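Enquirer: Sending over a structure as C-alpha cells; questions will come in a sec.
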Amino acid sequence: MGSKTFEVCGYRSSLTILDDDQMQEYGSSCRDRNEPEPELALEILMANAGLAEARAGKILCDLSEEAQEHVPSPIYDRHRFLAVELYLRATRLKVEPTSPALSKSSELRIAERQDVVTLAEQFVTDLRSLDRVRSLVTASSVELYKTLSNALYEEGRGYIDGCSREQRIRFNDVVSTAPNVEVNWDHLQTAPNALAVLYNFSPYTDTGAVVASKRIRESGDLFDVISCSFANRKKIDNTIERIAAPYVVTKQFLPMAPSWSTWDSFKAFAIKAKRIAVDRVKNGRNYDYLYTRTMWAPSHYAGSLIKREFPDLDWVAEFSDPLSLDVEGLARGGELPDDKFLLELLVDVEAEFGSVPEAYRTIFSIAEIIAYAGADRIIFTNHHQQSVMLEHIYSNKLRDRVAAIAEVSNHPTLPSAFYDAEEIDYVVDPSVVNLAYFGEFYATRGLTEVTTAIRMLPKAIRGKVHLHVFTNYIPVGASGARPRGMSAKAYDDLVDRAISGVGAYGLEDQVHLNGSLPYLKFLSITKKFDYLLVNDARSGEHHAVNPYLPSKWSDYAGSVAASWAFVEEGSSLAGKPATVKTPLGEIVAIVNELKKIIIQKLGSE
C-alpha cells in the first residue's frame with residue numbers, strides 16, 4: 001500500500017493507493033458485493049469528473065510540484081483541485097486524509113506569477129474547480145471544503161492587496177467577466193475607503209446606475225453604497241452588478257418610494273442617508289472621500305448633509321446633465337418652501353456666496369448650488385455641459401469656485417472583455433445592412449428621419465436595410481411587459497411614443513422592434529450589427545451650445561461595430577470619432593449615406 005500526499009491551499013492530505021495484492025483482494029470483495037472492480041470503478045470516477053482522457057493508472061492524486069508529471073497537463077491546468085474532487089467522489093477507493101495544516105511553505109503559486117491576466121485566469125479556473133468540489137461536499141467533508149475555499153480567497157486577496165490600482169482593475173475585470181463562475185467578492189475585499197450615495201444604483205435598470213458602476217470600477221477603490229430602493233418600479237438587471245461588484249463592499253437600499261422631484265421625498269432620503277453615514281463612521285469606517293452623482297438629484301442633497309457632518313471628508317460630485325435646465329434650456333423644477341431643512345442647507349452657502357435669488361430656489365437649482373458650494377471636486381461629462389452650467393450660476397464668486405475645482409470626464413467605456421461576458425441568441429440577416437438603435441424615444445430624440453430615408457431609397461435597394469430597435473416600451477403582444485406599479489394607460493402612452501419615434505409605417509418587414517436587454521447582453525449584441533445609431537438630443541434655442549453627450553456613445557465606442565452619429569453642429573457628439581456622421585434633420589444626407597453603406601457591404605446597386 002502506498003500513500004500519495006497532495007497539498008492545496010495549505011491543506012495536506014493523502015490518497016492511499018492499493019498495491020496489486022490489495023487491489024486483487026478489493027476486487028474480489030467488489031465482485032462479492034456485485035460492485036464494479038477497482039480499475040473500472042476508477043475509470044467511472046474519472047469519467048464522472050470529466051477526466052475520461054486520463055488513464056486510471058496515471059492518476060497519483062498529488063498536486064505538489066514534483067507530482068505534476070503524473071497528471072496530464074491539460075487536466076492539471078483546468079482542475080486544480082483534482083485530488084480533492086477524486087477524494088470526495090471515491091466511494092470505492094480507500095482514502096485517508098491527514099489533518100489540515102496551514103503553513104507558509106504551502107502558499108499557492110499565484111503569488112509567484114507576474115502576469116496579472118494569466119494569474120486572474122488561473123484564479124477563475126481554481127474557482128470553477130472548487131465549485132465542482134462544492135457539489136460533492138457532505139457533512140463529513142465540509143471542513144475540508146471550508147479550508148480550501150477560505151485559503152483560496154485569502155490567497156487571492158493577498159495578491160490583490162499587493163497590486164497597483166491598474167493591476168487590481170485588470171485582475172477584477174478578468175474574474176468578473178468570466179462566464180459560469182460564482183465569485184464571493186466579499187472574501188476578496190478589505191475595508192472600504194470610499195462612500196457613495198447614489199439614489200439609483202444596480203441592480204435596478206437605469207442609465208445613471210450603469211454610469212455610476214463604471215465610475216466605481218474606474219476608481220479601483222472599495223465602496224460602501226447608500227441608495228434608494230426601486231423595487232417594483234424598475235426592472236432588475238443583474239448583469240450591471242458585474243461591473244462594480246469587485247469594488248462594492250456593502251449596499252444599503254433605503255425602503256422608501258423613489259421620486260423624481262418631490263421635496264419631502266428628497267428630504268427623507270438625504271436625512272436617512274446622512275444618519276447611516278454617521279453610524280458607519282462611529283462604527284469604525286474610515287472614508288477617504290464621498291462620491292455622489294446626478295441624475296438623480298437627491299444624491300447631492302444627501303452629499304451636502306454628509307459633508308457638513310464631516311467637513312474634512314473630500315466630496316466628489318458629478319453631474320450627468322444640467323439639472324436646473326431642461327433640454328430646451330428653460331428652467332425646470334418647482335419652487336421650494338422656506339422650511340427648516342432648506343434654510344439649514346443654504347445658511348453657509350448664502351453667508352459665503354450671497355443670497356440665492358428666488359428664481360433659483362427650486363428643487364433642481366438648489367441641488368446644483370449646494371454641490372457647487374460644498375464639493376471638493378465637480379465632474380462634468382463634457383465641456384459644453386460645463387460651460388452651460390457655469391454660465392447659469394447665480395454668483396460670480398461661486399462660479400469662480402466651481403471653475404477652479406471642476407474637471408471634464410466623459411462617460412467611461414468598458415474594456416472589450418465586458419462585451420464578451422454574456423452570450424445572446426439573436427439572428428441577423430447577413431445579406432442586408434443591419435442598423436441598430438438602443439434606447440428610449442423623446443420629443444427631442446427619435447428615428448423618424450432614418451425610417452423616412454429608408455423609404456426614400458430606390459425600390460431596388462430599399463429592402464436591403466433592416467433596422468433593429470431595442471427599447472423599454474413595446475406592445476405587450478410583442479413581448480413587452482408593463483412594470484408593476486405602472487398604470488395600463490401610462491404604459492400604453494409610452495408604447496405609442498416609441499412607435500411614433502420609430503416611424504416604421506410601410507417598413508414593418510424591415511423594422512424589428514425588441515424589448516430592451518440586460519446591460520451586458522446589450523454590449524454583446526452590438527457586435528452583430530453593421531452600424532449602431534446614436535443621435536444628439538435636439539437642444540432648444542435657449543441653449544447657446546448643446547450641453548448633452550449621449551451616454552450611449554460610451555457604449556458604442558467600445559464595440560467592434562461601426563457607429564453612425566446624427567449630430568447638431570458643434571455638439572460634443574459631433575467631435576467624437578463615429579464612423580459616419582450626418583447632421584440632424586438632413587434626410588437627404590442620410591439617404592446618400594445609406595446608399596454608400598449598401599454598396600460598401602453588398603456591392604453595386
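Enquirer: Please specify each residue of the range 375-421 satisfying the condition of being within 29 Å of the chain's Cα centre (by Cα), more than 26 Å from Pro518 (Cβ to Cβ) and not aliphatic (A, V, I, L, M).
Expert: Going through the range 375-421, the residues within 29 Å of the chain's Cα centre (by Cα) turn out to be 375-386, 389, 405-421.
Next, from what is left, pick out any that are more than 26 Å from Pro518 (Cβ to Cβ): 375-380, 382-386, 389, 405-408.
Within the range 375-421, Asp376, Arg377, Phe380, Asn382, His383, His384, Gln385, Gln386, Glu407 qualify.
Enquirer: To continue, here is another question. Taking the range 339-384, which residues are farther than 20 Å from Pro298 by Cα, open to solvent by less than 50 Å² (accessible area, probe 1.4 Å) and in a helix (DSSP H, G or I)?
Expert: The answer is Phe353, His384.
Enquirer: Within the range 133-150, can one find any residue that is in contact with an Asp or Glu (Cβ under 9 Å, 6 or more places away or on another chain), of a type in the set (Phe, Trp, Tyr) and crowded, with 18+ Cβ neighbours inside 10 Å?
Expert: No, the range 133-150 contains no residue that is in contact with an Asp or Glu (Cβ under 9 Å, 6 or more places away or on another chain), of a type in the set (Phe, Trp, Tyr) and crowded, with 18+ Cβ neighbours inside 10 Å.
Enquirer: Is there a residue being part of a helix (DSSP H, G or I) and either open to solvent by 20 Å² or more (accessible area, probe 1.4 Å) or farther than 19 Å from Tyr289 by Cβ (or both) anywhere in the range 191-207? Working first, answer last.
Expert: Our first condition is that a residue be part of a helix (DSSP H, G or I); within the range 191-207, this holds for 207.
From what's left, either open to solvent by 20 Å² or more (accessible area, probe 1.4 Å) or farther than 19 Å from Tyr289 by Cβ (or both): 207.
Taking every residue of the range 191-207 in turn, at least one turns out to be part of a helix (DSSP H, G or I) and either open to solvent by 20 Å² or more (accessible area, probe 1.4 Å) or farther than 19 Å from Tyr289 by Cβ (or both).
Enquirer: Of all the residues that make up the range 428-454, how many are at pLDDT below 95 and open to solvent by 50 Å² or more (accessible area, probe 1.4 Å)?
Expert: Final tally of qualifying residues: 4.
Enquirer: Here's a follow-up. Within the range 463-509, track down each residue that is of a type in the set (Gly, Ala, Ser), touching a residue at least 40 places away in the same chain (Cβ under 8 Å) and open to solvent by less than 50 Å² (accessible area, probe 1.4 Å).
Expert: Once the filter is applied, which keeps residues that are of a type in the set (Gly, Ala, Ser), touching a residue at least 40 places away in the same chain (Cβ under 8 Å) and open to solvent by less than 50 Å² (accessible area, probe 1.4 Å), the range 463-509 yields Gly463, Ala498, Gly501, Gly503, Ala504.
Enquirer: Considering only residues that are of a type outside the set (Lys, Arg) and more than 18 Å from Val450 (Cβ to Cβ), look in the range 572-583 and name the one that is least open to solvent (accessible area, probe 1.4 Å).
Expert: Within the range 572-583, the subset of a type outside the set (Lys, Arg) is 572-575, 577-580, 582-583.
Narrowing further to those that are more than 18 Å from Val450 (Cβ to Cβ): 572, 575, 577.
Working: Ser572: 21, Gly575: 63, Pro577: 108 Å².
Applying the filter and picking the extreme gives Ser572.
Enquirer: In the range 243-275, what residues are out of contact with any strand residue (DSSP E or B) (no Cβ under 7 Å at 6 or more places or on another chain), charged (D, E, K, R) and open to solvent by 50 Å² or more (accessible area, probe 1.4 Å)?
Expert: Filtering the range 243-275 down to residues out of contact with any strand residue (DSSP E or B) (no Cβ under 7 Å at 6 or more places or on another chain) leaves 243-246, 255, 257, 259-268, 270-271, 274-275.
Still in the running and charged (D, E, K, R): 264, 267, 274-275.
Asp264, Lys274, Arg275, listed by residue number.
Enquirer: When you check Asp314 against the structure, is it surrounded by fewer than 20 Cβ atoms within 10 Å (Cβ to Cβ), among the charged types (D, E, K, R) and without any contact (Cβ under 8 Å) to a residue 60 or more places away in the chain, yes or no?
Expert: Details: surrounded by fewer than 20 Cβ atoms within 10 Å (Cβ to Cβ): yes; among the charged types (D, E, K, R): yes; without any contact (Cβ under 8 Å) to a residue 60 or more places away in the chain: no.
Taking the combined requirement at face value, the residue does not satisfy it.
Enquirer: Right, something else. Of all residues in the range 386-415, count the ones that are in a helix (DSSP H, G or I), in contact (Cβ under 8 Å) with a residue 60 or more places away in the chain and surrounded by fewer than 18 Cβ atoms within 10 Å (Cβ to Cβ). Even if it seems obvious, please write down each step before you answer.
Expert: As a first pass, look at the range 386-415 and keep what is in a helix (DSSP H, G or I): 386-391, 396-405.
Pick out the ones that are also in contact (Cβ under 8 Å) with a residue 60 or more places away in the chain and you get 387-389, 391.
Applying the additional criterion that residues be surrounded by fewer than 18 Cβ atoms within 10 Å (Cβ to Cβ) yields 387, 391.
Residues that pass the stated criteria total 2.
The values are calculated or read from the model by the stated rules, or taken from the named source; none is laboratory data. Since this is a predicted model, take the numbers as computed values, not measurements. Using ideal geometry, Cβ is built from the backbone for each residue, glycine included, and neighbour counts are taken over all protein chains shown. All accessible areas refer to the heavy atoms of the entire protein, side chains included, with ligands and DNA or RNA removed. Shrake-Rupley method; radii C 1.70, N 1.55, O 1.52, S 1.80 Å.
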